[in-house]
Amino acid sequence: MERWAALELASTIRHDGEGGVADDLATVQGLKDWILRQHAPPAGHDPAAGDVVDENLRLRVVEVRRAVRALFARAVSPTRPSPPDAHRLMPADRAVAHLNATAALVPVVPQLDWPPEGPPEARLSATRDDPQATLLAALARAAVEFLGGPERGRLRACTAPRCVRYFVKGHGRQEWCKPSCGNRARAARHYERHHRAQNGASAQP
């Protein structure tokens, strides 16, 4: 699972398009749908199939997300974090411990593949055949890799009105996660300047 999965996991809390906040992982079906959208079933499993995804797994994935979002908030400090959970973040030391413990649920070992024709290829292989633990460990490892890598320094919380996403800054002047957020932020700034100017003019004797 790619380290960008950590950013995708954090983004399962998102603006709902109507001024509120939606949680893509609020139900077991929501978690199934999100896993399928990732196109990366760990270790050859399809964790969205059968009874693998249940309420227990959903709660554990949500707890990993809580840890990720807490550490994202720490990474963007001293600027403000994403607002939906900024007032009730998991303590950073607990978040670190939770990610590390979850990443260790399924130990991995290096394996060598060397087909009769073609070059050898090294890969990491899980040592437990447990789809739930494998998924949780993969998500936690993705977060560890992301937070321990160069992208952490470019992580930002989008400042556009109503947006609750984190994003990785792609260039020096980027302020928002996507162009639509930039358009909304510029419109809000224009409205605010126009409103102040009107108020100032009406206050003149």
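The values are calculated or read from the model by the stated rules, or taken from the named source; none is laboratory data. As the structure is a computational prediction, the values presented were derived from the model and not from experiment. Counting neighbours? That spans all protein chains shown, and the Cβs are built from the backbone with ideal geometry, glycine included. Ligands, DNA and RNA are excluded from the accessible area calculation, which covers all protein heavy atoms including side chains. Shrake-Rupley method; radii C 1.70, N 1.55, O 1.52, S 1.80 Å.
See the values below:
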quantity: Sequence of 147, 36, 31 from largest to smallest accessible area, 1.4 Å probe; calculated: 36, 147, 31
quantity: Carbon + sulfur, % of accessible area of region 1-149 - ligands and nucleic acids excluded, 1.4 Å; calculated: 53
quantity: Residue 63 accessible area, 1.4 Å probe, all protein chains in place, Å² to nearest 10; calculated: 50
quantity: Mean accessible surface per residue for region 58-174, computed with a 1.4 Å probe while every protein chain stays in place, in Å²; calculated: 54
quantity: Within-9-Å neighbourhood charge of residue 165 [Cβ basis; K, R +1; D, E -1]; calculated: +2
